[in-house]
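Encoded as structure tokens, the structure appears first; notes follow it.
The values are calculated or read from the model by the stated rules, or taken from the named source; none is laboratory data. Since we're looking at a predicted model, the values are computed, not measured. No Cβ is skipped: glycine too gets one built from the backbone with ideal geometry, and neighbour counts run over all protein chains shown. Accessible surface is based on the protein model in full, side chains and every heavy atom, while ligands, DNA and RNA are left aside. Shrake-Rupley method; radii C 1.70, N 1.55, O 1.52, S 1.80 Å.
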Amino acid sequence: MATINTNFHKLAGSYLFAEIAKRTKQFAENNPSATVMRLGIGNTTEPLPSSIIKGLSLGVQKLASVATYSGYGDEQGDARLRLALADFYKNRGITVLEQEIFISDGAKPELPNIQQIFGSNNVIAVQDPVYPVYVDSNVIAGRTGVYTNGRYKKIVYMPCTQKNGFVPMPPKEHADLIYLCSPNNPTGAVATKKQLKAFVDFAIKHKSVLIFDAAYSEFISDKTLPRSIYEIPGAQKCAIEINSFSKMAGFTGVRLGWTVIPLELVIEKTEKGEVNKLWNRRQTTMFNGASNIVQEGGLAVLSKEGQRECKKIITYYMENAKIIKKALEKLGLTVFGGENAPYIWIKTPKNMSSWEFFDKLLNETHVVGTPGSGFGPGGEGYFRLSAFGHRENIEKAVQSIQKNLKI
Ligand code: PL4
């Protein structure tokens, strides 16, 4: 008889964003006259700029003629796109070779997939709170123990608190795979070069691997803050970087991302280049490449004009962040983030739990946010608002909070 992967039974509750969508739907059904304003899920809303539409259209047109038609492509990704990404890093003074870049269909699927090249006994460490995919996917893979008192056994939690500016120090205990998300989802905090160096030093000393999720790198405007782990000397030896076109170019629904596996990265019993080869082996076996149309769009994103147009949209979202943050501060709430990341991290008033505040905000103001506890036990007592949205909706949501939230 077939059996199931019983690790699924260890998962605590449903996936955070599915739960929010479910509760929002329920509220809308129960309150048909209410206009629900969604600042819960970090989902892009602004139309793609013309240079990128042109790139995507070119991808479609190429399929219309024998001379330019393409079928299956290189599983590692279109060489032109990998070269353009190598240039993207080069322009930042970072050397990443085309061979070290793997094109994906987004960061979220890569985060669980990458685990396949690591042993099932690896101990993982995560920032707490953080994007829930790192934890949930490792639970499913069997790398954790059971869930008790809001924590999984065998996970090393690195608390992100107001006291440490929401950027933790490396753990005191050993960890094999350390997930880092900077700019951080949900706190909006960005690790400095010095803070990341501490993790690189730890990883080299402990022979660990950093899995660096840079999905929000393009939202950093402070030039002193690192946008890639490879800005830190030594990171090539110990870090994998996962990034995405989703937030930088509005590709949340289009789907495109990339992963860097440096040739220098070594783990137990591997030579230089072997981990990169292992991932290539995995991809050629289990991935058929990202869509050729979308990769053409990715090339347009990385063009000079594409980058200029994308920056304008990022500035627009960050202006939203400023509007939300200013209004909440005016109400007397304690607010973090929103400066180099599109998320606003709010301390819930009167020590309310995160889900209590979710219900209160939804019922009183019809605004949907994300309960901090959904990102880990360290998120309890906090709440996240997303700055992705049309300006008029953001303004309406802010006005409703100012007028209707009883604190
Ligand atoms: C809702 C730190 C959002 N259904 O689009 P991808 O797959 O390239 O990137 C996803 C991703 C990767 N890394 C980080 C992220 O925050 C995200 C997207 N997170 C959010 O509101 O926290 C969208 C969530 C989506 C999901 O489950 O990812």
Problem set entry | Helical mean residue ellipticity (222 nm; -39500 (n - 2.57) per DSSP H run of 4+; nearest 500) of the chain | -11500 deg cm²/dmol
Exercise. Counting other Cβ atoms within 10 Å of each Cβ, which trypsin sites (Lys or Arg not before Pro) in region 193-236 have at most 15 and sit in a DSSP loop?
Worked result: LYS207, LYS223
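Just to confirm a number: summing +1 for Lys and Arg and -1 for Asp and Glu over residues other than ALA18 whose beta-carbon lies under 15 angstrom from that of ALA18, what do you get?
After counting each charged neighbour, the total is +3.
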Exercise. In debye to the nearest 20, how big a dipole does region 52-303 give about its Cα centre with +1 on each Lys and Arg Cβ and -1 on each Asp and Glu Cβ?
Worked result: 460 debye
Problem set entry | Additional length obtainable on full extension of the chain from ARG281 to GLU264, 0.36 nm per residue less Cα span | 4.4 nm
Exercise. R0 = 30 Å: FRET efficiency of ASN149 with ASP201, Cβ-based, nearest 0.05?
Worked result: 0.40
For this session: Just report the Cα centroid separation between region 211-273 and region 335-399, whole Å.
Result: 27 Å
Exercise. Dipole of region 52-303 (Lys/Arg Cβ +1, Asp/Glu Cβ -1, origin at the Cα centre): which of LEU256, GLY93, PRO132 lies farthest to the positive side?
Worked result: PRO132
Problem set entry | Neighbour net charge for LYS406 - beta-carbon separation under 12 angstrom, K R +1, D E -1 | +2
Problem set entry | Difference of contour (0.36 nm per residue) and Cα-Cα distance, HIS390 to ASN121 | 92.4 nm
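Sort out the exposed loop GluC sites (Glu not before Pro) in the chain (DSSP loop, at most 16 other Cβ within 10 Å) and tell me the longest stretch that has none.
The reported range is 1-172.
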For this session: Please report how far the C-alpha centroid of region 153-182 lies from that of region 7-82, rounded to the nearest whole angstrom.
Result: 29 Å
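Tally the DSSP beta bridges in the chain and give the antiparallel ones as a percent, rounded to 5.
Antiparallel bridges: around 50 percent, rounded to the nearest 5.
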Exercise. How much of LYS396 can a 1.4 Å solvent probe reach, expressed as accessible area in Å² and rounded to 10?
Worked result: 110 Å²
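Once a ≥ b ≥ c are taken as the square roots of the eigenvalues of the Cα gyration tensor of region 156-309, is the result rounded (a/c under 1.5), prolate (a/b larger than b/c) or oblate (a/b not larger than b/c)? All intermediate terms of the calculation are to be shown ahead of the outcome.
Values: a/c = 2.05, a/b = 1.18, b/c = 1.73.
It is oblate, given that a/c is not under 1.5 and a/b is not larger than b/c.
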Seminar exercise, completed: A correct Stokes-Einstein calculation for region 52-303, using the alpha-carbon Kirkwood radius, 4 °C and 1.567 mPa s, returns a whole-number D in µm² s⁻¹ of 69 µm²/s
Seminar exercise, completed: Taking R0 as 41 Å and r as the Cβ-Cβ distance between ASN43 and THR192, the FRET efficiency 1/(1 + (r/R0)^6), rounded to the nearest 0.05, comes to 0.90
